[in-house]
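The values are calculated or read from the model by the stated rules, or taken from the named source; none is laboratory data. Nothing here was measured: the structure is a model prediction, and the numbers come from that model. Please note: Cβ atoms are built from the backbone with ideal geometry, for glycine as well, and neighbour counts cover all protein chains shown.
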Amino acid sequence: MASLPQIGCAGAFELPMSSDEVGILVVDDDPEILSFIKRGLVFEGYKVATAMDGKEALRLARDDAPDVVILDVMLPGLDGLEVCSRLRQVSHVPILMLTAKGTVSDKVAGLDSGADDYLVKPFALDELLARVRALLRRSQPANEPVLQFADLVLNPTSREVMRGGQQLQLTAREFDLLELFLRHPRQVLTASVIFERIWGYDFGGESNIIHVYVRYLRAKLESQGRTKLIHTVRGVGYVLKE
């Protein structure tokens with residue numbers, strides 16, 4: 001498993017190249033669901049650690065940091081949202097939240113806590129595995145040139161983002177969305193294009209998720225009075241421009 005960055009570190013998250021080197025932490029207080037997920041992941045060749053409460057999850061993540069975390073919202077003691085928030089303070093590890101509720105408010109709560117994706121119970125194992133693969137692909141560094149627009153700089157290899165010389169802390173999904181904008185500056189990106197390029201599967205038309213992520217990006221990009229870079233094109237989508 002990967003080494004867990006310390007608080008305040010800007011180290012990049014590195015993805016092992018084969019599934020038998022990838023460590024996944026699964027956190028759920030339902031032993032049947034925990035066993036179901038573990039069997040499926042082990043069959044696919046992943047190394048799997050499990051925890052049934054928030055404190056144990058944080059201990060395992062600290063001692064042997066995972067490459068992906070699958071985290072249930074409803075946990076005894078520390079709930080999944082708090083665990084997610086604490087993990088995000090010290091790591092860029094991709095986090096997939098599991099929730100028994102599928103309302104927008106529940107999904108937004110998970111995103112606000114730092115999750116990169118969510119899956120509503122009950123779910124098909126194939127879908128969970130596909131989302132894990134997608135998270136791993138997005139977090140894998142590549143030797144690519146730095147992308148720059150105005151005073152915004154994104155390094156695909158180190159997964160670092162700077163604006164005006166100051167580093168910005170983005171979640172894995174926020175980073176992917178910003179990278180998409182930077183690869184297509186001054187081009188209007190529709191919701192369908194963003195869904196296809198970032199999520200890789202159909203969200204059932206819930207375009208509000210895109211709005212939520214764009215709002216998160218804008219808040220971070222425009223902090224400290226910085227100028228607006230991501231603009232809304234009403235009825236069409238979004239565009240990165242001066």
Those residues of the range 156-190 which are under 17 Å from ALA115 (Cβ atoms) and surrounded by fewer than 17 Cβ atoms within 10 Å (Cβ to Cβ) amount to GLN169
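From the list SER139, SER105, which residue is over 30 Å from GLU242 (Cα atoms) and of a type in the set (S, T, N, Q)?
SER105
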Please enumerate the residues belonging to the range 116-133 that are closer than 13 Å to ALA172 by Cβ and over 10 Å from the mean Cα position of the chain (by Cα). ARG131, VAL132
Among residues belonging to the range 91-111 that are closer than 21 Å to VAL48 by Cα and out of contact with any helix residue (DSSP H, G or I) (no Cβ under 7 Å at 6 or more places or on another chain), point out the one that is modelled with the highest pLDDT. LEU98
For the range 96-114, indicate whether the set of residues that are touching a residue at least 60 places away in the same chain (Cβ under 8 Å), of a type in the set (A, V, I, L, M) and in contact with a Gly (Cβ under 7 Å, 6 or more places away or on another chain) is non-empty. no
Scanning the range 156-191 for residues that are without any contact (Cβ under 8 Å) to a residue 24 or more places away in the chain, of a type outside the set (A, V, I, L, M, F, W, C) and within 30 Å of ARG234 (Cα to Cα) gives PRO156
Kindly indicate whether any position in the range 82-89 is under 13 Å from the mean Cα position of the chain (by Cα), at pLDDT 85 or above and of a type in the set (D, E, K, R). yes
Just one listed residue, out of LYS220, LYS228, LYS241, is surrounded by 13 or more Cβ atoms within 10 Å (Cβ to Cβ) and farther than 28 Å from LEU119 by Cβ, and it is LYS241
